[in-house]
Amino acid sequence: MTQKERPEIASAHFLDSAGLGGALSNYPRGAVIFSQDSLADSVFYIRDGKIKLTVTSSGGKEAVIALLGRGEFFGQACLAGEVRRMATAIGLTDCSLTRIDKESIATLLKNDPGFSGFFLQRMLKRSIRADEDLVDQLFNSSEKRLARALLLLANYSSDTPIELSIPKISQETLAEMIGTTRSRVSFFMNKFRRLGYINYKVQIEVRPSLLNILVDEPAVSVRGATSGTEALPALSPPSPKAGPPLRARR
């Protein structure tokens, strides 16, 4: 992968070169791709669209544990010996996916050092993102969590500081994503729209000014990881004397 090559392009290149990228499956918005506790026998690669991973407790409570977009892999726990799916994968939008059976991707990881290194890098980024999500959940208000979720869904990047649109998703889904109630999401969405940070009709239009919710100083840069983008919002734990700052990188 060249320095400027986007991760989703690099992923597709590796899979196509290995003869694993040809078969595509299309899923409509809301479709269940696999269910929690179903047989884990394959890894999925997202060619287009977004999916969410949810976990349901024995008591029936559901939580969103990850949002993934174009260029991302999911279902990779089968490569670590997991026999059953740990989560349910659902299309957040219409999706185009490549399904790769466990044996084929395991062989590719073993025989192609380039793909192996790239795949490891993607998994490490996912791990970092999971840590940042936990910090966000533990230390930040639901208002900041919602702002961050909208920016992540829009694949916001400091390289493209323009208004971005995302498919309109329900307030119930947004509430599940950030761990709050639908009424709180409705309150903050109306507030963001009133302040000019977002607009929503058919789609949700996310404007860079939404970053004002996350930072005390507009000049502070932010980052995260989803769909291969950089410079997305990721909040750090608060210091004893200050509110929760952003970790500035790049």
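Coordinate-derived values only; no laboratory data. These figures come from a predicted structure and were not determined experimentally. Cβ: placed from backbone, ideal geometry, glycine included. Neighbour counts: every protein chain shown.
Values as computed for the structure displayed
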quantity	calculated
Under 22 Å from LYS110, Cα to Cα: lysines that are on another chain or at least 8 residues apart	LYS102, LYS125
Calculated FRET efficiency for the pair LEU120/TYR200, C-beta based, R₀ 35 Å, to 0.05	0.40
Long pairs among LYS50/LYS144; LYS144/LYS191; LYS168/LYS201, criterion Cα-Cα beyond 18 Å	LYS50/LYS144
Convex hull volume of region 7-126 per residue (C-alpha atoms, cubic angstrom)	95
Net charge, ALA175 excluded, C-beta distance under 12 Å - Lys, Arg +1, Asp, Glu -1	0
Trypsin sites (Lys or Arg not before Pro) restricted to DSSP loop in region 104-195 with at most 15 other C-beta within 10 Å	LYS168
